[in-house]
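The values are calculated or read from the model by the stated rules, or taken from the named source; none is laboratory data. The shown structure was predicted, so the numbers you read here are calculated from the model rather than taken from an experiment. Quick reminder, even Gly has a Cβ in these numbers, built from the backbone with ideal geometry, and neighbours come from all protein chains shown. Keep in mind that these areas ignore ligands, DNA and RNA; they rest on the heavy atoms of the full protein, side chains included. Shrake-Rupley method; radii C 1.70, N 1.55, O 1.52, S 1.80 Å.
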Amino acid sequence: MKTATYKPAGAIYLFPFIVFFLLAGLSILHTRPGQESSAVNQVVDSLAYISAFLILLFKQRDFFFYIVQRSIPLLMLLFLALLSILWTDFPRFLLMGVIHKVGAGFIAVSAASLLIQNKNKFFETLLIMLFLYFVATILFSLIRPDLAQMPATLYGEYRAGLRGFTLHPNTLGAICVDAVWVSMCSLFLMNNRNKLIFWTAILLLMSVAYCLIKADSMTSILVSFALAFIIVWSKFIRSSSGNVRFLKLLLTMFCVLMVLGLLFILKPEVFSIEYFFKAIGRDSTFTGRASLWETALKGFYEKPFFGWGEDNLLTFHKYYHQAFGQLHNGYFDLLVRGGGASIFFFVWMLLQVLGGLVGLIKDDNQSYAVILSFVSVWLVHNITEASIFKSPNVLWLFFLVLYFYSIGWKYKFKRA
């Protein structure tokens, strides 16, 4: 098992992460709708990437090399992304995208080193940052609703929800998912008895609930509920011995079956397809997403092995004479951009995460719930939104942190 001289774990390892996150969360201040990026975005992101690299180089060099050696599928994804410059029609955009993806990797490794060494410090720092962000978002929505609301002229009345400092309600919804994860982990999965942290987490959840309702991002609302349930369930189960845990499982299964049985008797229409789509605020086409997915399949059949290139679908748009920011499905999006090869390496990454979860459970390390709660709902979130291997993207960044944690949790920082 790899060891290295212990270096005190401080919030400095999260500095590039916070800069990157806030830049994405404050995009309305530096990027116009329709822009892929801005000068401010490029400069500040570059500073975040450089600072993360320098932190790793001078403070966590051995850990960085340890992670790199175990990140073969991610390195292959980056290599394929760069290789696709040979067939993209937009090489400049592709190179910018690759730089963002590599930079996000540096930031995530730096953050993961803190998560491994000091979970309380990791979650406390993010909790305070997110609390201040959501307080500012709510105040902004009250003071300048003309800017905080998505203009109906751009996307129609049905998408004119709260976007806050972002460019779209779905982006605010994604940040809400991150905040729910941080606050729920702070409340239930950390060994923290600090009352200030407790009440900050409660207030953050209340703020997030307000923003989710106002943003009306149905996917984010559903996965936030699922995320909270997984964390509470993990806490409920792990607080018992083996026999009591088994009884809790049986009791829970019995209660679920009773509820389903009562629903089937009293309200059988709940189990219909029509009711399901109505309940999640969609129609049978997933609000027009189905047609995008059909186009994605056509694009995949055209270039099945290595895709159209990691240029944010620009070459794909040019060929099919369509313009949309994403395919509203992370799996189709990755399939079109990187083909079957990228899907293979992404599945490899997920298997590594699964291996890390199994190792944590065997080691009786309760941190498995930290990973499982986020990664599982993030994979569901990608059914209607795309954030796999996309950067800058806050959900991909959080996944990367947990991916590096999964493959690096055995690394021991030995005290000198």
Cβ-based charge dipole, segment 76-226, positive-most Cα from LEU86, PHE188, CYS176: PHE188
Distant-in-sequence amide H partners of ILE383 (H built 1.01 Å from N, under 5 Å): GLY330
Cα→Cβ-extended label distance, 7 Å offset, between LEU379 and GLN366, nm: 2.4 nm
Segment 336-416 - charge dipole about Cα centre, Lys and Arg +1 at Cβ, Asp and Glu -1, debye rounded to 20: 360 debye
Modelled FRET efficiency - R0 60 Å, LEU139 with TYR301, Cβ distances, 0.05 increments: 0.75
Distance from segment 160-175 to segment 59-121 (C-alpha centre basis), Å: 26 Å
Length added when fully stretched, ASP146-LEU29, from 0.36 nm per residue minus Cα-Cα: 40.7 nm
Summed side-chain charge close to TYR331 - residues other than TYR331 whose Cβ falls under 14 Å, Lys, Arg +1, Asp, Glu -1: +1
Projected area, mean over directions - segment 327-397, Cα convex hull, nm²: 4.7 nm²
Largest to smallest accessible area among ASP62, ASP364, ASP45 [probe 1.4 Å]: ASP364, ASP62, ASP45
Heavy-atom accessible area ranking, 1.4 Å probe, most first, across ASP216, ASP333: ASP216, ASP333
Overall Cα dimensions of segment 287-416, principal axis frame, Å, largest first: 59, 29, 23
Around GLY25: net Lys/Arg minus Asp/Glu count, Cβ-Cβ under 12 Å: 0
Calculated over segment 38-194: convex hull of Cα atoms, volume per residue (Å³): 174 Å³
